1. On alpha carbon coordinates alone, what is the Rg over Rh value for the stretch 95-214, Rh being the Kirkwood radius?
2. Largest first, please: the extent of the C-alpha atoms of the stretch 171-211 along each principal axis, to the nearest Å.
3. Given 25 °C and 0.890 mPa s, compute D for the stretch 136-281 with the Stokes-Einstein relation, Rh being the Kirkwood radius over Cα pairs; round to the nearest whole µm²/s.
4. In the P(r) worked out for the chain, what percent of Cα pairs fall beyond 24 Å?
5. So which trypsin sites (Lys or Arg not before Pro) in the stretch 1-88 pass both tests, a DSSP loop state and at most 16 other Cβ atoms within 10 Å of the Cβ?
6. As a footprinting exposure proxy, order GLU118, GLU96, GLU231 by other Cβ within 10 Å, with the fewest listed first.
7. Hey, what angle do you get for helix 220-232 against the long axis of the chain, alpha-carbon based, 0 to 90 degrees rounded to 10?
8. Against the longest principal axis of the chain, how steep is helix 125-140, in degrees 0 to 90 to the nearest 10, with axes from Cα atoms?
Amino acid sequence: MIIVKKINDIKKLLGATAGKDVKRGFVPTMGALHAGHISLIKQARVDAGLVICSIFVNPTQFNDPKDFEKYPVTADADIYLLEQAGCDILFMPPVEEMYPAGSKKIHFDLGFIETVLEGKYRPGHFQGVCQVVHRLLDIVMPDKLYLGQKDFQQCMVIKKMAGMYFPSLQVIVCATQRESSGLAMSSRNQRLSDQQKQQAVTIFTTLQYIKTHIQPGALTDIQQTAWHFLETSGFSVDYVAIAAANSLNPLDNWDGQEKIVALIAAFLGEVRLIDNITINY
Ligand code: AMP
């Protein structure tokens, strides 16, 4: 695996395959890699001739400065995991390379999707995500982009941005990888104590409860029950939402036919966790 820090260097490297029939598969990450990230690399390895991963903890997507400061960094372990998974190029730019002084920010017209759920609770977050992913796509120019369903809303946002700026890009959403307990793998789990990791499983069991018990009709009761499960397990809940899977329009009522998604965001101590489950999908 070749490790590159400068934009000019990765462009030169990629230039060597330009014009040849080598498909580029790209996995953008913020590092502190786990088996969830690696599942995306492995899928890219199957589909693409050249697999590129980026590690960049993007300051513009953190609305909480403490969350940014405490974001785990495990570069040596990340490099080892990527090499084992068959990644070809790792792009690890410093902040000043991605955001040189005076660089202009695009405002992305994301519409409704950035006003709800993560967009509502983390103002500016999705503009920051689009800012960095747009820059990375512009540098790497991949054919295929691999994202995790764990960040359901982020997948929708990036698909929308890509549709506007990179219409030929294929976006591939990969299944959420979980611990054997059901806890969705996340870099932020490293900040949980062993006891908190056990408590955190309640997010998944609550999502499963919703999936198993949901009935056509009013959804208020099931959402309240889910909220109660989480609070009694020690979470401070941002939202428990049931929404249309293709738009993220929140639903109070379900016709039993529509494809929907249940989504949870909740704090355990200082650590904010998110997860989701699709229903009737
Ligand atoms: P992050 O490093 O958290 O920005 O995540 C980088 C990519 O990995 C995003 O597309 C995430 O959705 C994806 N990802 C994170 N956790 C998981 C997981 N548990 N399973 C599958 N993909 C994941």
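Just so you know, all these numbers are worked out from the coordinates, no wet-lab data involved. For clarity, every value in this text was computed on a predicted model and none was experimentally measured. All Cβ positions, even for glycine, are placed from backbone atoms using ideal geometry, and neighbour counts span all protein chains on display.
1. Ratio value, two decimals: 1.03.
2. So the three principal-axis extents are 35, 25, 14 Å.
3. Here the translational diffusion coefficient equals 150 µm²/s.
4. 52 percent
5. Sparse-neighbourhood loop trypsin sites (Lys or Arg not before Pro): LYS5, LYS6, LYS20, LYS23, LYS70.
6. Ascending Cβ contact count within 10 Å gives the list GLU96, GLU231, GLU118.
7. Between helix and principal axis, roughly 80 degrees.
8. 30 degrees
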